[in-house]
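A short worksheet on the structure shown next.
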Amino acid sequence: MKMKKMILIAAMILAAVGALSAQGRIAFRADAAVGFSTGDYKMESIGDLTGKSIVGYRISGGLDIPIGYGLYVNPSLAFHSKGMKTNLEGVALGTWGLNSSLKVKTHYIEIPVHLGYRLSLLNLVSVAVQAGPYFSYAIKGDGTVVRKDGQETTFDIYKDGLKEMINAKRFDVGLGAAAMVGYSNFYLLIGADFGLINTVKDIKPETKNLEATLKNTSFHVGLGIRL
């Protein structure tokens, strides 16, 4: 069902591209970036857990569709890794014991749709800013718990969940923003994504007194080409 939503969104974007193509020349854009992500992770009775960023990737391709006066629409398709690392201080996770650390890394197919403004100087140097929503679906997600004694346990966060207590959602929606400085056909990219929904799916009955929330937050820096 979630994948059907992603396909529907992609079809709507293609229809919009056809409607806007008469406004001017459509440019193709592709970029690759290093990502730094962390989650806003909260657990009832414990509060905000201190999160550390993890390094990942973001690869994207899309279109710049001009709509006049320097404005453009940028629909794109991205492959994006996100996640977080946190110390579960004071939390006992079954046989893992107290004070374990948890690392989660997810891999998303993402569809951002941004509205942007580009200022060109002498047709050689350009500055652009853009922002808008994104819709994403996780194709893979791994969790790793490290105990105080150094023992590691890895699990699939979507199939296995966290010690069969907390399962994760694959679908995510959020807001993204980016700024670009270009020279000729190349540009430097700085961007960020902020998840709006709780990606914790459910909590099993044996942990009914525990409520957890996790929202994705990520930043990326990279290089791209615009043709």
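The values are calculated or read from the model by the stated rules, or taken from the named source; none is laboratory data. Just so it is clear, the structure is predicted and the values come from calculations on it, not from any experiment. Positions of Cβ are backbone-derived with ideal geometry, glycine not excepted, and every protein chain shown enters the neighbour counts.
Enumerate the pairs (first residue in segment 168-187 and in contact (Cβ under 8 Å) with a residue 12 or more places away in the chain; second residue anywhere and among the hydroxyl-bearing types (S, T, Y) and not in a strand (DSSP E or B)) with beta-carbon separation below 8 Å, excluding pairs fewer than 6 apart on the same chain, so at least 6 apart or on different chains.
Cβ pairs passing all conditions: A168/Y158; A168/T199; K169/T199; R170/Y158; D172/T199.
Among the residues of segment 134-149, how many are small (G, A, S) and assigned to a loop (DSSP other than H, G, I, E, B)?
Summing the residues that are small (G, A, S) and assigned to a loop (DSSP other than H, G, I, E, B) in segment 134-149 gives 0.
Just to be sure before I move on: is S21 assigned to a helix (DSSP H, G or I) and either modelled with pLDDT of 95 or more or more than 20 Å from G176 (Cα to Cα) (or both) in the structure I sent?
Yes: the conditions hold for S21.
In segment 152-199, which strands (runs of 3 or more DSSP E) lie fully inside it and hold 3 or more residues that are of a type outside the set (D, E, K, R), modelled with pLDDT under 95 and surrounded by 15 or more Cβ atoms within 10 Å (Cβ to Cβ)?
166-168
Output the residue which, of all residues in segment 120-138 that are at pLDDT below 95 and hydrophobic (A, V, I, L, M, F, W, C), is farthest from L188 (Cα to Cα).
The extreme case among them is A138.
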